[in-house]
Amino acid sequence: MIGLAGLREEMEGLRKAGLWRTLRRFESLPGPRVVVDGREYILCASNNYLGLAEDPRLREAAVEAVRRFGTGSTGSRLITGNTVLHEALEERIARWKGAEAAMVLATGYMANVAIASTLAGRGDVIFSDELNHASIIDGCRMSRAEVRVYRHADPRDLERRLAEARGARRRIIITDGVFSMDGDVAPLPDLLAVARRYEAAVVVDDAHGGGVLGERGRGTAEYFGIETEPEGGPLLLHMGTLSKAAGVEGAYIAGPRPVIAYLQNRARPFIFSTAPSPATVGAALRAIDLIEEEPWRRRRLEDLARRLRAELRRQGWNVPEGPTPIIPVIVGDVEETLAVARRLDEEGVFAPAIRPPTVPAGSCRIRVTVTAAHSDEDIARIAAAFERCRAEKGGRPGAGMVGDGHRYGCG
Ligand SMILES: Cc1ncc(COP(=O)(O)O)c(C=O)c1O
């Protein structure tokens, strides 16, 4: 390939290592039963935790928004892309989260890049959990701040690193609320206590906690009984996505009004990108209503996740305990994990292998997720497929380190 020396060899290397990826083609609504590449499957790999992505009320809200505002938002929020619908969504999110203000961006990736690269710069230090999502890692890289990666969910290690950075202009701690590949919850009360001692701000990425954790589905802070904006405490900024439990796409940042106004003025992913489309915003607005009005979805989700996790552990798979619908079945190396995924595929269970760079080498896994829309029979069939696979192949744990100290998304 002219001008791209070495690309063919690199591609070959990825293929040989079992790390080449191909797209799968979905041909149905994103419910618990899907048609992929012409075959029917039980889906246990999506982030549609509350089963809202196929909800007729959200689809209707999207259609209504298109009727009123057209298909495209036609420009960035600061030029021609800001409709009454965008502002209504931001007000609705702020009310739901119990925050002073909120802003909406087109994706969670952009929201994390916006936070890290706008609030931190040269002379500042970002403290980042080693299992943070790749979008946080990329935001850190783009910020030009110094990045200190602390041990996963370890406030003591964080404190040690904060103590070494007392001279920094700003200190910002960034953590996933619910870790995307492991499903465990960040120890937010402890992180906030450390932040208070060292005058650091805290950013929590609640992509997988929003809509799922807490009585009203507000996320990780509510799960721990922490106020959205703790009185007299360190700045706590909340990022969340509209693409997972909310069943749409896009993301929000919620927090004190001056911080949100500053981000609207300075965050490049907000300023230099077209506003989310009316369909997206209309559907998301309805989704936030349903997250609040239908708490039974969270209870159902919790119940199904608890049952499936317990059953997989009983079968002998390496599955850590946890309170979320993300159930990591840690297998180990690439080939073995691909073999488990293939076996599940034969059983009609859609649960692809998760490999580097998404997770560290040696900790490849099947990331099982359940949704409130799964039936008891779906859960039983998923469990039965794993049981047959376990009887034939078995799984074993493993862990590895790659990249800059961050362990995920460093490829
Ligand atoms: C923890 C976390 N943060 C951010 C994102 C990015 O969100 P989005 O898919 O909306 O870009 C994801 C997943 O995609 C995620 O898992």
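The values are calculated or read from the model by the stated rules, or taken from the named source; none is laboratory data. Not measured: the values here are computed from a predicted model. In this analysis, Cβ positions are derived from the backbone assuming ideal geometry, glycine residues included, and neighbour counts consider all displayed protein chains. Only protein heavy atoms, including side chains, enter the accessible area calculation; ligands, DNA and RNA are left aside. Shrake-Rupley method; radii C 1.70, N 1.55, O 1.52, S 1.80 Å.
Provide the net charge surrounding Val319, with neighbours chosen by a C-beta distance below 10 Å and charges set as Lys +1, Arg +1, Asp -1, Glu -1. Working shown, then result.
Working: positive: Arg309, Arg313, Arg314, Arg365; negative: Glu311, Glu321.
In short, +2.
How much length is gained on full extension from Arg313 to Arg21, taking 0.36 nm per residue of separation minus their Cα-Cα distance? Kindly include the intermediate steps, with their values, before the conclusion.
Numbers: separation 292, 0.36 × 292 = 105.12 nm, distance 2.87 nm.
Difference between extended and current length: 102.3 nm.
Could you compute the FRET efficiency for Glu321 and Arg299, with r as their C-beta to C-beta distance and R0 at 25 Å, rounded to 0.05? Don't skip to the end; give the middle numbers.
Working: r = 19 Å, r/R0 = 0.77.
In this case the efficiency is close to 0.80.
Most mobile of Gly167, Gly362, Gly210 per a Gaussian network model of the chain (Cα springs, under 10 Å)?
Result for the chain, Cα springs under 10 Å: Gly167 fluctuates most.
For region 12-158, what is the per residue volume of the convex hull drawn over the alpha-carbon atoms, in cubic angstrom? Let's see the in-between values first.
Working: hull volume 33.8 nm³, N = 147.
In region 12-158, the Cα hull volume divided by residue count equals 230 Å³.
Residue by residue through region 198-204, which ³J(HN,Hα) values in whole Hz follow from phi under the Karplus form 6.51 cos²θ - 1.76 cosθ + 1.60 (θ = phi - 60°), with glycine and proline marked x?
Values per residue, Gly and Pro as x: 10, 6, 10, 8, 10, 10, 10 Hz.
Hey, in the GNM for the chain with a 10 angstrom Cα cutoff, which one of Arg306, Arg355, Arg67 fluctuates hardest?
It is Arg67.
Evaluate E = 1/(1 + (r/R0)^6) for Val36 and Ile79, where r is the Cβ-Cβ distance and R0 equals 41 Å; express this FRET efficiency to the nearest 0.05. Show your work: numbers first, answer last.
Working: r = 39 Å, r/R0 = 0.96.
It comes to 0.55.
Can you list residues whose amide H is under 5 Å from Ser76's amide H, if they're 5+ apart or on another chain and H is modeled 1.01 Å from N?
Those qualifying (amide H under 5 Å, at least 5 residues apart or on another chain) are Gly81, Ala275.
Between Glu87 and Glu392, how high is the FRET efficiency from 1/(1 + (r/R0)^6) when r is the Cβ-Cβ distance and R₀ = 60 Å? Nearest 0.05. Don't skip to the end; give the middle numbers.
On the way: r = 55 Å, r/R0 = 0.92.
So, using R0 = 60 Å, E works out to roughly 0.60.
Given an 8 Å cut-off on Cα distances and at least 6 residues of separation, report the relative contact order of the chain as a percent. Show your work: numbers first, answer last.
Working: 878 pairs, mean separation 88.6, N = 411.
So the answer I get is 22 percent.
List the residues whose amide H sits under 5 Å from the amide H of Thr358, counting only those 5 or more places along or on another chain, with H placed 1.01 Å from N in the peptide plane.
Gly409
Report the full-extension gain for the segment Arg144 to Arg169: residue separation times 0.36 nm, less the Cα-Cα distance, to one decimal in nm.
This chain segment gains 7.7 nm when fully extended.
Using the Cα centre as the reference, give the magnitude of the dipole from point charges on the C-beta atoms of region 1-124 (Lys, Arg: +1; Asp, Glu: -1; all else neutral), rounded to the nearest 20 debye. Mind showing how you got there, number by number?
Details: 17 positive and 15 negative charges, 39 e Å.
Once rounded to the nearest 20, the dipole reads 180 debye.
Per 0.36 nm of contour for each residue apart, how much would the distance between Asp190 and Arg216 grow if the chain were fully extended, relative to their Cα-Cα spacing?
Working: separation 26, 0.36 × 26 = 9.36 nm, distance 2.25 nm.
That pair, Asp190 and Arg216, stretches by 7.1 nm at full extension.
Could you pull out the chymotrypsin sites (Phe, Trp or Tyr not before Pro) across region 167-223 that fall in loop regions by DSSP (anything but H, G, I, E, B) with no more than 14 other Cβ atoms inside 10 Å? Don't skip to the answer; put the middle values down first.
Values: sites: Phe179, Tyr198, Tyr223; in loops: Phe179, Tyr198.
In loop regions of region 167-223 (DSSP not H, G, I, E or B), there are no sparsely surrounded chymotrypsin sites (Phe, Trp or Tyr not before Pro).
Assign unit charges at the C-beta atoms only (+1 for Lys and Arg, -1 for Asp and Glu), then state the dipole size of region 56-293 relative to its Cα centre in Debye, rounded to the nearest 20. Could you put the intermediate results ahead of the total?
Values: 29 positive and 31 negative charges, 168 e Å.
Using Cβ point charges on Lys, Arg, Asp and Glu, region 56-293 gives about 800 debye.
Averaged per residue, what accessible area in Å² does the chain show with a 1.4 Å probe, protein chains only? Mind showing how you got there, number by number?
Numbers: 17680 Å² over 411 residues.
Heavy-atom accessible area per residue stands at 43 Å².
With charges set only on the Cβ (+1 for Lys and Arg, -1 for Asp and Glu), what does the dipole of the chain come to about its Cα centre, in debye to the nearest 20? Could the numbers behind the result be given before it?
Details: 57 positive and 56 negative charges, 131 e Å.
I would put it at about 620 debye.
Could you identify which residue out of Arg21, Arg141, Arg388 has the top mean-square fluctuation in a GNM of the chain using Cα springs shorter than 10 Å?
Arg21
Using all Cα-Cα distances in the chain, what percent lands in each 10 angstrom bin from 0 up to the longest?
All Cα pairs considered, the percentages come to 5, 22, 31, 27, 14, 2.
Once amide H atoms are placed 1.01 Å from N in the peptide plane, what residues at a sequence separation of 5 or more from Ile173, or on another chain, have their amide H within under 5 Å of its amide H?
Those qualifying (amide H under 5 Å, at least 5 residues apart or on another chain) are Phe127, Ala201, Val202, Val203.
So what's region 305-376 giving for Cα Rg divided by 2.2 N^0.38 Å, two decimals?
Taking N as the residue count of region 305-376, the ratio is 1.08.
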